[in-house]
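The values are calculated or read from the model by the stated rules, or taken from the named source; none is laboratory data. Here the structure is a predicted model, which is why all the values come from computation and not from measurement. FYI the Cβ positions are ideal-geometry reconstructions off the backbone, even for glycines, and counts take in every protein chain you see.
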Number of protein chains: 2
Amino acid sequence: MNFRSPIKHCRECGTAVVYRLPDDGDTRERAVCPACHTVHYENPLNVVGTVPVWGEQVLLCKRNIEPRKGKWTLPAGFMELGETTAEGAARETDEEAGAQIQMLDLFTVMNVVRVGQVHLYYRATLLSDRFNPGYETQEARLYHEADIPWDELAFRTVRETLLCFFADRRRGRFELHTLDIG
Amino acid sequence: MNFRSPIKHCRECGTAVVYRLPDDGDTRERAVCPACHTVHYENPLNVVGTVPVWGEQVLLCKRNIEPRKGKWTLPAGFMELGETTAEGAARETDEEAGAQIQMLDLFTVMNVVRVGQVHLYYRATLLSDRFNPGYETQEARLYHEADIPWDELAFRTVRETLLCFFADRRRGRFELHTLDIG
């Protein structure tokens, strides 16, 4: 998808909106309500996830939902109101893999401008190799670097995060990586 | 404010929504349209900004708009669709201060859960000490550390970012700081 579909009706009063420059000096067209004058803002969304590590292995989840059903991903999903980025990443790891983790540092911050998203991944240490995947996941399993299904990964940000992870591990030092993905 | 006000009407068809658990296994109440079944998601927003540096001095802007009109801030604002976090930070620096900068590394990532925001600040080098503030700014000026108006700063995230900046500068090494603000 390219962004979300346009807003058609006012969230306050239900009147059909028009896209135009607001009257407050704003330089971008917004969905403005001609009846109650509510201005609707649409902004990028954060996707938060983890790189869960068990010894030499990394946990991947086989997706059971679209998009990319059947492809492999790191546990991740949309950040919710009422939680921090790290709390959201831990929640998604629990929901998608049923994995027990200790959260470590923020590891990748990636802009995916085409879809209006910022992806933030944290490194995490698995506290157990027993998983309990939720309905969004067909299978959760550990992969050694040599066995990572590179051609069957769900998202470019998962690939980039894994590449950064293995490169840093070889160097013996983890640091934050910021990337822009076309 | 605490988050945004609740959604009252469906963005697709204008019908009054109800907050309930959607039928897709989601575990959070969302604004769901009883007529066309659209589920409305509300998520945290990113605020992006810079720490613009000129020699020993840092650029601050005196706000000309609410909230915190008359208080001092680093240039920052809501990230927009169609831009990266760094592009948004540079745009805000241009809009609020009319400052010419070279962007440096991502410096702070701060969760402000109470208002549903993530603030991301980049360090930046000013290319000139001539500024051209927009309508959102009463005054843009350079401050030495000793002169920073700590009691007149607009936002806690500005204070924390400045504290991290001066501490790292004293140490002679800048690194990413992640903070959660109550």
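Key figures
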item: Residue in the stretch A:105-124 that is over 23 Å from B:Val112 (Cβ atoms) and over 17 Å from the mean Cα position of the chain (by Cα) present; result: no
item: From the options B:Glu66, B:Glu96, B:Glu80, B:Glu56, residue that is closer than 17 Å to A:Val118 by Cα and among the acidic types (Asp, Glu); result: B:Glu80
item: Qualifying residue in the stretch B:48-59 (condition: of a type in the set (A, V, I, L, M, F, W, C), within 14 Å of chain A (Cβ to nearest Cβ) and within 24 Å of A:Val48 (Cα to Cα)); result: yes
item: Qualifying position, being out of contact with any helix residue (DSSP H, G or I) (no Cβ under 8 Å at 6 or more places or on another chain), surrounded by fewer than 21 Cβ atoms within 10 Å (Cβ to Cβ) and more than 11 Å from every other protein chain (Cβ to nearest Cβ), among A:Pro6, A:Pro67; result: A:Pro67
item: Residue, nearest to the other protein chains (Cβ to nearest Cβ), within the stretch A:156-182, restricted to residues that are among the β-branched types (Val, Ile, Thr) and within 17 Å of B:Val109 (Cβ to Cβ); result: A:Thr178
item: Filtered residues of the stretch A:67-82 (kept if outside any strand (DSSP E or B) and either among the basic types (Lys, Arg) or closer than 18 Å to A:Phe165 by Cβ (or both)); result: A:Arg68, A:Lys69, A:Lys71, A:Leu74, A:Pro75
item: Residue among B:Arg63, B:Arg20, B:Arg11 that alone is of a type in the set (D, E, K, R) and in contact (Cβ under 8 Å) with a residue 60 or more places away in the chain; result: B:Arg63
item: Filter result (surrounded by fewer than 18 Cβ atoms within 10 Å (Cβ to Cβ), among the β-branched types (Val, Ile, Thr) and part of a strand (DSSP E or B)) within the stretch B:16-35; result: B:Val18
item: In the stretch A:145-170, residue surrounded by the most Cβ atoms within 10 Å (Cβ to Cβ) [restricted to those that are over 18 Å from the mean Cα position of the chain (by Cα) and within 15 Å of A:Thr73 (Cβ to Cβ)]; result: A:Ile148
item: Within the stretch A:19-29, considering residues that are within 13 Å of A:Tyr41 (Cα to Cα) and more than 30 Å from the chain's Cα centre (by Cα), the one farthest from the other protein chains (Cβ to nearest Cβ); result: A:Arg20
item: Verdict on B:Glu145 being more than 24 Å from A:Val112 (Cβ to Cβ) and of a type in the set (Asp, Glu); result: yes
item: Out of A:Val113, A:Val118, sole residue that is crowded, with 20+ Cβ neighbours inside 10 Å, touching a residue at least 12 places away in the same chain (Cβ under 8 Å) and in contact with a strand residue (DSSP E or B) (Cβ under 9 Å, 6 or more places away or on another chain); result: A:Val118
item: Residue check for A:Leu142: in contact with a Leu (Cβ under 8 Å, 6 or more places away or on another chain) and more than 9 Å from every other protein chain (Cβ to nearest Cβ); result: yes
item: Looking only at the stretch A:83-136, and only at residues there that are away from every other protein chain (no Cβ under 12 Å) and assigned to a strand (DSSP E or B), the one that is nearest to A:Val47 (Cα to Cα); result: A:Tyr121
item: Selection status of A:Thr73, touching a helix residue (DSSP H, G or I) at 6+ places or on another chain (Cβ under 8 Å), of a type outside the set (D, E, K, R) and closer than 21 Å to B:Asp26 by Cβ; result: yes
item: Qualifying position, being at pLDDT 95 or above, part of a strand (DSSP E or B) and within 15 Å of the chain's Cα centre (by Cα), among B:Leu142, B:Leu179; result: B:Leu179
item: Selection count, the stretch B:36-47, where residues are part of a loop (DSSP other than H, G, I, E, B) and either closer than 30 Å to A:Ile181 by Cα or within 11 Å of chain A (Cβ to nearest Cβ) (or both); result: 6
item: Residue within the stretch A:70-82 that is surrounded by fewer than 18 Cβ atoms within 10 Å (Cβ to Cβ), at the interface with another protein chain (Cβ under 9 Å from one of its Cβ atoms) and in contact with a strand residue (DSSP E or B) (Cβ under 8 Å, 6 or more places away or on another chain) present; result: yes
